[in-house]
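Below: the structure, in structure tokens.
Here, each number is a calculation from the coordinates, and none is a lab measurement. In this text, all values refer to a predicted model and were calculated from it rather than measured experimentally. Methodologically, a virtual Cβ is constructed for each residue, glycine included, from the backbone with ideal geometry; neighbour enumeration extends over all protein chains shown.
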Amino acid sequence: MFAQAELMMGANHIRVKCYDGVTRMGRIKGKIKKRVWIREGDILIVIPWSFQDDKCDIIYRYTGPQVEWLRRNGYL
């Protein structure tokens, strides 16, 4: 699911606005924690938790050219 980073909360947590209209608390997965810098406004792929719908895991951050491609092709 696509989401946009809204607010950096600290301690690897980010408030994200998902494209289904729900604002969730996102947690940066350990795999990308030190490798990828996420800023407010970035487009992300998130996976909502199955047992708490207001939380999710952030698994990928799109780069600028990737976001433009997604917009041109109607995914965003």
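Based on DSSP loop calls and a cut-off of at most 10 other Cβ atoms within 10 Å, the longest stretch of the chain free of exposed trypsin sites (Lys or Arg not before Pro) is what? After excluding every exposed loop site, the longest remaining stretch is 40-76.
For region 1-53, the Kirkwood estimate of the hydrodynamic radius, built from every pair of different alpha carbons, is 11.2 Å. The translational diffusion coefficient of region 23-76, from Stokes-Einstein at 4 °C and 1.567 mPa s with a Kirkwood hydrodynamic radius over alpha carbon pairs, comes to 106 µm²/s. Neighbours of M8 by Cβ distance under 14 Å: Lys/Arg scored +1, Asp/Glu scored -1, total +3. Stretching the chain fully between K29 and W49 yields a gain of 5.9 nm (0.36 nm per residue, less the alpha carbon separation).
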